[in-house]
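Below: one structure, written as structure tokens.
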Amino acid sequence: MLEVKNLYCSYGSMEVLKNVDFKVDNGEVVAVIGSSGSGKTTLLRCLSFLNKANSGTIIFDDFKKDITRLKKNDIMKLRSKMGYVFQDFNLFRNMTVRQNILEGLVTARKMDPTEAWKIVNEMLEKVGMSHRAEYYPAQLSGGQQQRAAIARALAYNPEIILFDEPTSALDPELTREVLAVMKRLAKEGTTMVVVTHEMSFAQEVAGRVIFMENGVVVEEGRSSEFFTSPKEESTRRFLRLSMQEQDYVI
């Protein structure tokens, strides 16, 4: 479905991604793990063109091009296939939950308001937020804001959703709340790439796990094998530290 090859990205003179090959198949849930600064978020931002890569090839279904030579229409077309859930929710503070979701459908995608309203209601129901539709972000908990952000991503009917540390700003109880929604989406066959520090989620929900360190993919594998038989010492060290820090599961 979505693949990048030989991806490089720098911030000034600092290389953040170095020769990264990454692939996700239709219906697959891929967890991307690693320490802060390992390049996980930059990978997502390059995939969604929020950051400009220095070099690499992007493949999406039958589309294949140099990622640095895409025209504006190419980028718009690829972005229309993706949903993005941000770490800090990224909701408009002066809009209700419903308005946050409607805005993109009606204004950006020129959808009929009646049809858009129907989609918004369906997505709010899916994430358990129908009862908060007319609330403003400041009136919501962090978990509710993130569920609203997930509903917004789903409303565009994307082929793939990219999640950037969706629970890192939440306490354990709110984390469970958001992960439960993501777990349901996975069971429904939603294609997802999840940058996460939640090892329990990666173990239970992800079909494949990728470990990044210093801008490179150190190791990847099926979730069951990755956590029971990691091949690289740096992977084993990271997992030992990460598993000790987390004392709850979804």
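One line per residue, one yes/no per condition, for (1) touching a helix residue (DSSP H, G or I) at 6+ places or on another chain (Cβ under 9 Å); (2) modelled with pLDDT of 95 or more:
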site	(1), (2)
23	no, yes
32	yes, yes
46	no, yes
66	no, yes
91	yes, yes
110	no, no
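Mind listing whichever residues of the stretch 13-61 are open to solvent by 40 Å² or more (accessible area, probe 1.4 Å), assigned to a strand (DSSP E or B) and not polar (S, T, N, Q)? Result: 14, 15, 18, 21, 23.
Looking across the stretch 76-107, the residues that are part of a helix (DSSP H, G or I), within 21 Å of the chain's Cα centre (by Cα) and exposed (fewer than 14 other Cβ atoms within 10 Å of the Cβ) come down to 76, 77.
Among the residues of the stretch 112-132, those that are surrounded by fewer than 18 Cβ atoms within 10 Å (Cβ to Cβ) and not in a helix (DSSP H, G or I) comprise 112, 128. Screening residue 206 on (1) surrounded by 17 or more Cβ atoms within 10 Å (Cβ to Cβ); (2) hydrophobic (A, V, I, L, M, F, W, C); (3) in a helix (DSSP H, G or I) shows it passes everything except condition (3).
For beta carbons closer than 8 Å, sequence separation of 6+ or different chains, a first residue in the stretch 142-158 that is over 14 Å from residue 82 (Cβ atoms) and a second that is open to solvent by less than 30 Å² (accessible area, probe 1.4 Å) and polar (S, T, N, Q), the qualifying pairs are 143/175; 146/167; 148/100. Total residues in the stretch 157-190 satisfying the condition of being open to solvent by less than 40 Å² (accessible area, probe 1.4 Å), part of a loop (DSSP other than H, G, I, E, B) and within 17 Å of residue 33 (Cα to Cα): the figure is 3.
The values are calculated or read from the model by the stated rules, or taken from the named source; none is laboratory data. All figures in this text were calculated on a predicted structure; none of them were measured in a lab. Quick reminder, even Gly has a Cβ in these numbers, built from the backbone with ideal geometry, and neighbours come from all protein chains shown. Side chains included, ligands, DNA and RNA excluded: accessible areas come from the protein's heavy atoms. Shrake-Rupley method; radii C 1.70, N 1.55, O 1.52, S 1.80 Å.
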